[in-house]
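Data first, discussion second: the structure below is written as structure tokens.
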Amino acid sequence: MAERLVVSLRRWALEFAGRGWPVYPLRPGAKRPDWHRKDRCPQTGRCAGGHVTPEQMSSTDPELIERAWEATPWNIALFPGPAGMLGIDCDQPKPGQTGAGDPDGWTQLQRLANERGGPLPDTFTVTTPSGGRHLLYTVPPGCLLRSTVKHIASNVDTRGWGGYLVGAGSLRPDGAYELLDDTNPAPLPGWLVQANVEHASTAISAPREQAVAAPSAYVAKALQGETDRVRREPPGRRNKVLSTAAYALGQLVGAGLLDEHQARTDLQAAVAAWGDTASLGKDHGVIETSLRAGAANPRRITPRGHRAA
Ligand SMILES: [Zn+2]
């Protein structure tokens, strides 16, 4: 039985690698990589020169994969980023978490497609033990999409660079990851590229270091862009847009690139333009909280060509 499982998982790993999708072992029966986290890095062996991630070690080399899956029923991590894809992870609502009272991720994704008038083409799809589904789409060349958490919708995550999906064939105590549709991954629809980028630019997954030609111009543009977005936002999602903008500007404040007083007054001016005096107190509270949260997670900007080590 155990041996049959090893053979089956090895076959799946080789199948993915054959499609050009890098894989890496996950603990048997689990979805955790067989590797240490960055904050527990021993800085020895493969990490002697700095922490190496499973994504960096993932491979499509059949010999390596044969050897790795020779005797152990490792589950399989698929890395959409290096494979030129984006994974859409539609989850079931989880009690006690954001999205608990919302529809499941797949329903949310279909509704979003409807709202945005965009297609949701059939594509390579896997069902998860908890009743979720993973969709894989190819990403336009040169378009670098990062992972997002609960940003496209409360029960939809995306897995791009820095993220992975548990591959079909993998097992957990509560069930298996099963292939639902083996269609070759379709191109990611434009509206989904947009949805991922809109959020990723300010989400927790945003790059913490970015090389730009002129830092001061970059900061000025960010201040203008974020406050414009707040000012123009119609009622409905204002709270979310305001907190996202204040968080992003807070990251620049935390990095010492933007004056905190200026960020606050420009955000307050943008909010004043809504003309909703009843919610001013609450809005100012959102600005304070989000500025502070962003400042605690500073975004480092380095002049292009002088990227810090
Ligand atoms: Zn390490």
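The values are calculated or read from the model by the stated rules, or taken from the named source; none is laboratory data. Note that the structure is a prediction, hence the values are computed from the model and not measured. Cβ atoms come from the backbone with ideal geometry, glycine included; neighbour counts cover every protein chain shown. Quick note on the areas: whole protein, heavy atoms, side chains included, nothing else; ligands and nucleic acids left out. Shrake-Rupley method; radii C 1.70, N 1.55, O 1.52, S 1.80 Å.
Observations
- Rounded, prolate or oblate (a/c below 1.5 giving rounded, otherwise prolate when a/b exceeds b/c) for region 1-67 by Cα gyration tensor: prolate
- Residue-span extension gain [L14 to L64] - 0.36 nm each, minus C-alpha spacing: 17.0 nm
- Within the listed set T107, T277, T60, the Gaussian network model of the chain (springs between alpha-carbon atoms below 10 Å) gives the highest mean-square fluctuation for T277.
- Pairs of lysine residues in the chain that meet both criteria, 8 or more places apart or on different chains and Cα atoms under 20 Å apart, total 5.
- Accessible area per residue was computed with a 1.4 Å probe on protein heavy atoms; D174 scores about 90 Å².
- More than 20 Å apart - percent of Cα-Cα pairs taken over region 209-303: 30 percent
- Region 102-126 residues near the modelled R237 label - backbone nitrogen below 15 Å, point 7 Å along Cα→Cβ: 108-118
- Value at 222 nm in deg cm²/dmol, rounded to 500, when DSSP H runs of n ≥ 4 in the chain each add -39,500 (n - 2.57): -11500 deg cm²/dmol
- V197 contributes about 70 Å² of solvent-accessible surface, heavy atoms of the protein only, 1.4 Å probe.
- More than 34 Å apart - percent of Cα-Cα pairs taken over the chain: 32 percent
- Average accessible surface area per residue within region 209-303, 1.4 Å rolling probe, Å²: 49 Å²
- Taking the chain and dividing mean pair separation by its residue count, relative contact order in percent (alpha carbons under 8 Å, at least six apart): 16 percent
- Carbon + sulfur, % of accessible area of the chain - ligands and nucleic acids excluded, 1.4 Å: 52 percent
- With a simple spin-label model that places each label point 7 Å from the Cα along the Cα-to-Cβ direction, the separation between R40 and Q262 comes to 4.4 nm.
- With a Förster radius of 22 Å applied to the C-beta separation of R111 and W191, the computed FRET efficiency comes to 0.95.
- FRET efficiency, K282 to L180 (Cβ-Cβ, R0 30 Å, nearest 0.05): 0.10
- Long-range HN-HN contacts of L180 with modeled amide H, under 5 Å: T125, V126, T127
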